[in-house]
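Have a look at the structure below before the remarks.
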Amino acid sequence: MTVPGAPETGYWYGGDYNPEQWPEEVRREDMALMRRAGVTLATVGVFSWSLLEPEEGRYDFGWLDRVLDDLHANGVRAALATPTASPPPWFGPAYPDALPVTADGVRLTHGSRDTYCVCAPAYAVASRRIARALAARYGRHPALALWHVHNEYGTWCHCDHVARAFRTWLRDRYGALAALNEAWTTAFWSQRYADWDQIQPPRATQYLPNPAHRLDFRRFLSDAMLGHYRAQRDVLRAAAPGVPVTTNFAYGGWVPVDPWTWAEHLDLVAVDHYPDETGLAAAEQTAFAADLARSWAGRRPWLLMEQAAGVTYTAGGRTRPKAAGELTRHSLAHLARGSRGAMFFQWRASRGGAEQWHAGMVPHAGPDSRVFREVCALGGLLPRLAAARDADVATGAAVLWDPECWWALDAPSLPSSGIDYLAAVRQAHRVLWRAGCTVDFAAPVREEGRPLGVSAPLLVVPALYLASDATARALTEYVAAGGTLVAGYLSGVADTFGRVRTGGYPGALRDLLGVRVEEFHPLGPEESVPLAVDAGRPELGAGSDWSERVHLAGAEAVAGYAAGPLAGLPAVTRHRHGAGTAWYVSTRLSDDAFGRLLGLAAPHVAGAPGAGAVPAGVEVVRRHRDGTAWVFVLNHTEAAHRLDVEGLGLRRGARDLVSGAPAEGLRLAAGGVAVLEGRPLA
Ligand code: GLA
């Protein structure tokens with residue numbers, strides 16, 4: 001099977017390669033080390049604009065010619081980047097209007113990276129020009145495997161170019177100013193616009209901003225950046241037809257990019273992932289990111305474009321080396337979920353520059369290091385896993401993920417400052433991950449009539465604050481057809497403009513869930529409410545963060561508030577609808593309690609193949625194709641474990657592609673990995 005952006009066989013393996021930072025002899029050593037490590041792909045030129053075009057319109061390609069020729073001579077393909085994420089020093093003085101402006105009105109200057117405005121005409125022209133020059137020179141180079149446009153789109157700007165582009169975008173969206181005034185509720189606080197030109201980007205203002213204005217600005221930024229990507233993509237495609245084009249998505253609340261919309265414009269979805277937690281939490285974050293990437297890509301290939309080989313930053317702002325085996329487990333967690341490779345930032349750790357303390361596949365210590373030895377071992381392992389590359393990933397549940405809800409719930413004017421959309425989505429994923437259930441993410445339905453596309457029997461919907469009529473209808477159809485839906489608090493509340501759906505929460509989902517919520521009772525950081533369940537049902541402990549005054553309107557109570565102002569009222573409900581059931585959880589449950597609730601709502605989750613066959617902390621991902629199954633087993637614990645092959649859903653005779661040994665009686669070392677290949681039991 002040929003898929004755009006994928007190597008002909010096996011996996012992409014390698015990282016960002018920046019030989020321009022090093023003397024010639026280091027580059028020669030790099031080639032030898034890449035061969036030793038089994039590198040197949042190097043990402044080149046991401047931040048090289050100032051070397052490629054040292055003066056406007058004057059190019060110096062000599063050094064890049066040598067790099068690409070060397071890579072080719074050493075059997076390494078190139079993901080050649082357009083360098084537009086870091087304009088050169090001449091750019092700002094020549095086009096000061098193309099430097100970004102913060103919400104406070106400060107125009108930023110050159111000195112870091114990502115210092116541009118995607119709406120500035122001069123930046124658009126310069127970006128297309130360098131892309132065209134690269135395509136003309138390298139479009140037929142034998143090393144070229146992939147175009148890598150830009151890097152991690154996500155830069156904000158509030159300048160006058162942005163203001164003009166924002167107004168054009170709003171005109172397209174609303175047609176008439178009256179529609180915008182209505183959608184943004186501008187009657188509040190004297191904000192009614194009489195002319196499009198009165199509308200500004202959401203710059204710093206005196207007190208609370210208009211949430212609809214902020215929300216639309218993020219949507220606009222996503223589209224504006226997509227426009228910048230597409231302009232380069234079209235230039236590259238025209239000059240080098242047939243070479244796939246991608247860009248790398250970053251995860252993070254600061255990124256105003258909607259990957260659901262972007263994915264169809266990419267030949268290959270690519271992501272960068274840096275867990276900011278440690279141990280098991282880092283493994284969970286990795287699974288979360290990989291499941292999102294696979295879901296954004298739909299049925300098409302995707303690629304882990306960047307991760308850290310060693311030292312990485314934690315949420316506490318400190319660097320931390322990865323433990324022995326961790327870079328292998330993280331890489332395999334991505335490959336298990338369908339990534340076409342495992343790539344890193346960067347090949348060789350820099351000596352200087354702002355990221356001199358960021359990991360490299362070749363660390364500062366050089367190749368005589370445990371990191372490089374593990375890099376080589378992983379590079380040697382990947383070809384042995386090639387047979388699994390195109391297999392389907394078996395999933396047992398879906399979680400709805402909507403970046404627009406994330407953006408809307410990032411407003412400063414919500415009923416609680418403790419609302420955290422990402423935390424709610426991650427909890428749903430984490431609880432299923434711990435239950436051994438691989439998760440697909442589902443997109444909201446943005447166009448009337450489009451199906452939800454969820455085939456899994458369980459769909460968890462955390463904090464779907466903005467719910468379009470189309471999404472509400474699709475969720476209702478999903479349940480009517482037999483699905484089990486578990487909706488979390490703050491779902492259905494507002495329309496896609498962020499306007500509350502009046503008459504009782506959860507608004508658009510009221511009928512489906514069979515409840516009517518009269519008011520919200522947010523809880524403080526130290527508060528919790530005990531929950532009472534009927535005898536024979538699993539204990540749900542206490543609710544935290546949030547609670548609601550829930551009235552039954554067709555649903556039955558599964559658990560109730562047992563104290564406080566809501567004592568005696570339902571907290572968790574279920575409502576039969578058609579052939580399925582819709583559950584509502586009006587407070588935040590602990591991970592364990594949420595797991596028990598999901599087990600009650602969807603017993604198949606607890607009974608999934610693999611679940612129960614391995615101890616906690618051992619991750620299992622199953623894939624299958626043409627009657628063969630591959631079971632990836634990643635031991636994130638510090639103890640060795642014996643594998644129960646039948647418990648993992650394989651017939652006798654399976655073997656481990658990692659060790660080459662029969663799978664029966666296999667002992668998985670502490671921190672170790674196995675990829676079992678065999679015939680599935682059923
Ligand atoms: C991102 C960028 C890289 C590098 C890494 C590490 O993913 O794409 O250029 O900055 O982070 O911080």
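Just so it is clear, none of the values below were taken in a lab; they were calculated from the coordinates. Quantities reported herein were computed from a predicted structural model and do not represent experimental measurements. We place every Cβ from the backbone using ideal geometry, glycine too, and count neighbours over all the protein chains shown.
The Stokes-Einstein estimate for the chain, based on a Kirkwood radius over Cα pairs and taken at 4 °C with 1.567 mPa s viscosity, is a diffusion coefficient of 49 µm²/s.
Taking 4.7 Å between C-beta atoms as the pairing limit, the chain has these partnerless cysteines: Cys119, Cys159, Cys376, Cys405, Cys437. The packing ranking, built from the mean of other Cβ atoms within 10 Å per residue, places the peptides 189-199, 266-276, 562-572, 412-422 in the order 266-276, 562-572, 412-422, 189-199, highest first.
Along its three principal directions, the equivalent ellipsoid of the range 356-419 from the Cα gyration tensor extends over semi-axes of 40, 25, 8 Å, largest first. Placing one equal scatterer on every Cα of the range 445-552 and applying the Debye formula, the log10 ratio I(q)/I(0) at q = 0.13, 0.19, 0.21 Å⁻¹ is -0.55, -1.06, -1.19. Extents of the range 521-672, taken as max minus min of Cα coordinates on every principal axis and listed largest first, are 61, 40, 25 Å.
The ratio of the alpha-carbon radius of gyration of the range 48-143 to the globular-protein estimate 2.2 N^0.38 Å is 1.22.
Between Val106 and Glu539, the simple spin-label model (points 7 angstrom out along Cα→Cβ) gives 5.2 nm. Averaging 1/r over every pair of different alpha carbons in the range 397-606 and inverting the result gives a Kirkwood radius of 16.7 Å.
One way to sum up the overall shape of the range 160-282 is the equivalent ellipsoid from its Cα gyration tensor, whose semi-axes run 33, 22, 11 Å, largest first. Gain on full extension, evaluated as 0.36 nm per residue between Ala187 and Leu208 minus their Cα-Cα distance, stands at 6.0 nm. In a DSSP loop and with at most 12 other Cβ atoms within 10 Å, the GluC sites (Glu not before Pro) in the range 483-577 are Glu526, Glu539.
Based on alpha-carbon centroids, what's the gap between the range 522-587 and the range 148-204 in Å, whole number please? Spelled out, the Cα-based centre of one part sits 40 Å from the other. When you count the other C-beta atoms within 10 angstrom of each residue and take the mean per peptide, 254-263, 142-151 line up highest first as 142-151, 254-263.
Restriction of the trypsin sites (Lys or Arg not before Pro) in the range 338-403 to DSSP coil positions whose beta-carbon has at most 15 other beta-carbons within 10 angstrom yields Arg351. Ordering of 245-251, 646-652 by packing is 245-251, 646-652, highest average first (other Cβ atoms within 10 Å, averaged per residue). Could you work out the relative contact order of the chain? I mean the mean sequence separation of Cα pairs under 8 Å and 6+ apart, divided by the number of residues, in percent. Dividing the mean separation by the residue count of the chain yields 10 percent. Within the shell defined by Cβ-Cβ distances under 14 Å, the residues around Ala593 carry a net charge of +1, with Lys and Arg each +1 and Asp and Glu each -1. Projecting the Cα atoms of Ala423, Val529, Pro506 onto the charge dipole of the range 397-606, computed from C-beta unit charges around the Cα centre, puts Pro506 farthest toward the positive end. Taking other Cβ atoms within 10 Å as a rough exposure proxy, Phe91, Phe288 sort from fewest to most as Phe91, Phe288. Taking only the C-alpha atoms of the range 618-678, the Rg (one decimal) and the largest Cα-Cα distance, Dmax (whole number), read 10.6, 35 Å. Considering only beta bridges that DSSP places wholly inside the chain, some 55 percent are antiparallel.
Computed from the C-beta positions of Phe61 and Glu527 and an R0 of 51 Å, the FRET efficiency is 0.20 to the nearest 0.05. The alpha carbon centroids of the range 318-367 and the range 90-133 are separated by 30 Å. Projected onto planes of every orientation and averaged, the convex hull of the alpha-carbon atoms in the range 361-516 covers 13.6 nm².
Averaging the Cα positions of each part gives two centres, and for the range 41-81 and the range 419-479 these lie 42 Å apart. Starting from the Cα gyration tensor of the range 460-499, take the square roots of the eigenvalues, sort them a ≥ b ≥ c, and report rounded, prolate or oblate (rounded when a/c is under 1.5, otherwise prolate if a/b is larger than b/c, else oblate). Because a/c hits 1.5 or more and a/b fails to exceed b/c, the range 460-499 counts as oblate.
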